[in-house]
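Here the structure comes first, spelled out in structure tokens, and everything after it is commentary.
Bear in mind that the values in this text are calculations on the coordinates, not laboratory data. Nothing here was measured: the structure is a model prediction, and the numbers come from that model. Neighbour counts are summed over all protein chains in view; Cβ atoms, including those assigned to glycine, are modelled from backbone coordinates with ideal geometry.
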Amino acid sequence: MEYIYIENFGGIKKMDFEFNSINILIGPQGSGKSITVKLLYFFKNFTNEIVKSIESQESKRDLDKKQKDTFITFFPKESWSKDDFAVSYKFNEVEIFIKKTNNKLFFDYSDNLKKIQNKGKKIYNDEKLKLSENRKIPSFRIKREINEKIQNCIKNDLGDIATYDQFFIPAGRSFFANIQNSIFSFLSDNRSLDPFLIEFGSFYETFKSFYNDILTDGKSDKEFDELISQVLNSNYIREKEKDFLVHKDSRKVNLTNASSGQQETLPLMIILKALNYINSRGSGFTLYIEEPEAHLFPTAQKRIIQLLSRTFNNNTNKKFQIFVTTHSPYVLSSFNNLIYAGNFSEKTELVAKIVPTKEQLKSEYFRVYSIKNNEKIDLMNNENNLISQSILDSVSEEISLEFDKLLDIEFNDEL
């Protein structure tokens, strides 16, 4: 399990979260959902930064300063509270924290991470000397082998989750509809943009570059592709570094002229398609998705959750984490159906006719929280192992109550 504690930061007075394999945060805008997962991304990326610092032969002081600078880039000072704040992250025996006290920023971490730094430096120096003595080995291979040994050291000491690759898919991804080639070079010249948008653009360009190769691979998942087509209401193709959507009536529409829902959703579809393909090769991933429902009809929202569940289940070792922030009760309902199907221990063949086995999920994988008015509510019901319908019911009740009042006015006028 992983834990994060947030005090007096990003509009959150005091909250702590326990996370699992599939995690959902639902709540109104400005409630702290996005801040929570972005903080998590920052902390979980630290082991990757340790590896980089070892390979760059940086000191602990250099590494710590870089982390504070990254924190300020992710969360600019003007957005901080005037008061002190504290944020900490834990998994297994690892702890990382950052805090502001008396207008000074402090960043520190547990001794086991410091030991990893020292072990990693020793591995780096020993292996570089050993491999460099053999002049027949190319330099890129030396770097790769050293990196693998350091990564294995981290896995052995801290667990696999410490080395998961992270992919953050931010809201506002339709931004890339108008930048269809040389995304990375554009972003490099526009550092004033949201850093999460910049990071997303970097790996999005990479994934797009081999999307067609995945489609032509004989191992491509046809059911997965069909769900993508249903979400987009078209088929995606890439020609001469331009993105097109081909509709059922054979219209080929450039992405810049597509609907807002298609522009917002295509980047997510490309990432899921690539991860579903890579998943079968046993790597570990953490995927963050802000507002998967953006600009989409409820049935398309349901299809996205089906795609997410297939991507998760395709990783046979379950070395895969998902974090979803959402405003949509439809997202919760869609997950709930997949959990309900996954909880069946009998009549599995009948259940599979309604919910395919590839989409069924176990409740034990989930943590689901509602955040509103600085209050966190755990929505997983321990009695029926489903997501509580309280969010849906409260929205429906408010609408129904308003409608009843209007009926009362009409009825009273007739008296």
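The 3J(HN,Hα) values that the Karplus relation (6.51, -1.76, 1.60; θ = phi - 60°) gives for region 299-316 are, in residue order, 5, 5, 4, 4, 4, 5, 5, 4, 5, 4, 5, 5, 5, 5, 6, 6, 8, 4 Hz. Gly and Pro appear as x.
Helix content alone sets the calculated 222 nm mean residue ellipticity of the chain: runs of n ≥ 4 DSSP H residues at -39500 (n - 2.57) each, divided across all residues, give -15500 deg cm²/dmol. Among DSSP beta bridges lying fully in region 277-415, give the percent that are antiparallel, nearest 5. Just about 50 percent of them are antiparallel. The slack between Lys149 and Asn343, meaning 0.36 nm per residue of separation minus the straight C-alpha distance, is 65.9 nm.
Checking every one of the trypsin sites (Lys or Arg not before Pro) in region 67-146 against DSSP loop status and a limit of 14 other Cβ atoms within 10 Å picks out Lys82, Arg135, Lys136.
Legend: distances between Cα atoms for Lys90/Lys143; Lys99/Lys318; Lys14/Lys273; Lys222/Lys252; Lys33/Lys319; pairs beyond 28 Å are Lys90/Lys143; Lys99/Lys318; Lys14/Lys273. Under a crude label model (7 Å from the Cα following the beta-carbon direction), how far is Asp194 from Phe97 in nanometres? Here the modelled spin labels are 3.0 nm apart. A Cβ-based charge dipole, computed about the Cα centre of the chain with Lys and Arg at +1 and Asp and Glu at -1, lands at about 2400 debye. With each label modelled as a point 7 angstrom along the Cα→C-beta vector, the Ser202-Leu105 pair spans 1.8 nm. When peptides 196-203, 340-347, 7-14 are ranked by their average number of other Cβ atoms within 10 Å per residue, the highest-first order is 196-203, 7-14, 340-347. Other residues within the sphere of radius under 10 Å centred on the Cβ of Arg367, judged by their own Cβ, net out at -3 (K and R +1, D and E -1). Within the shell of other residues whose beta carbon sits under 15 angstrom from the beta carbon of Phe244, the net charge comes to +3, with Lys and Arg scored +1 and Asp and Glu -1. The Kirkwood radius of the chain, taken over pairs of alpha-carbon atoms, gives through the Stokes-Einstein law at 10 °C and 1.306 mPa s a diffusion coefficient of 67 µm² s⁻¹.
Please name whichever of Thr101, Asn374, Ser250 sits farthest to the positive end of the charge dipole of the chain, dipole taken about the Cα centre and charges placed at Cβ: Lys and Arg +1, Asp and Glu -1. Value computed over the given set: Thr101.
A straight chain from Lys82 to Tyr3 at 0.36 nm per residue would run longer than the Cα-Cα distance by 25.9 nm. Under 5 Å between amide hydrogens, built in the peptide plane, is the criterion, and for Ser81 it picks out Gly10 among residues at least 5 positions away or on other chains. The calculated FRET efficiency for the pair Arg61 and Leu407, based on their C-beta separation and a Förster distance of 45 Å, comes to about 0.05. The string of couplings for region 264-279 from the Karplus curve (6.51, -1.76, 1.60, θ = phi - 60°) is 6, 8, 3, x, 5, 5, 5, 5, 5, 4, 5, 5, 5, 6, 6, 3 Hz, one whole number per residue in order, with x for Gly and Pro.
Between Val246 and Phe297, the contour length at 0.36 nm per residue exceeds the Cα-Cα span by 16.4 nm. DSSP beta bridges confined to the chain are antiparallel in about 65 percent of cases. Charged neighbours of Ile271, selected by a Cβ distance under 10 Å, balance to +3 (K, R count +1; D, E count -1). The distance between label points at Asp126 and Lys362 comes to 3.7 nm (points 7 Å beyond Cα on the Cα→Cβ vector). In this structure the amide hydrogen of Ile169, modeled in the peptide plane, comes within under 5 Å of the amide hydrogens of Tyr288, Ile289, Glu290, none closer than 5 places in sequence on its chain.
Can you list residues from other chains, or at least 5 along the same chain, whose modelled amide H is less than 5 Å from the amide H of Ile24? Counting only residues 5 or more places away or on other chains, the set is Val324, Arg367, Val368, Tyr369. Diffusion coefficient (Stokes-Einstein, Kirkwood radius over C-alpha pairs, 10 °C, 1.306 mPa s) for region 267-328: 132 µm²/s, rounded to a whole number. 3J(HN,Hα) along region 111-118: 4, 5, 6, 5, 5, 4, 4, 5 Hz, from the Karplus curve 6.51 cos²θ - 1.76 cosθ + 1.60 with θ = phi - 60°, whole Hz, x for Gly and Pro.
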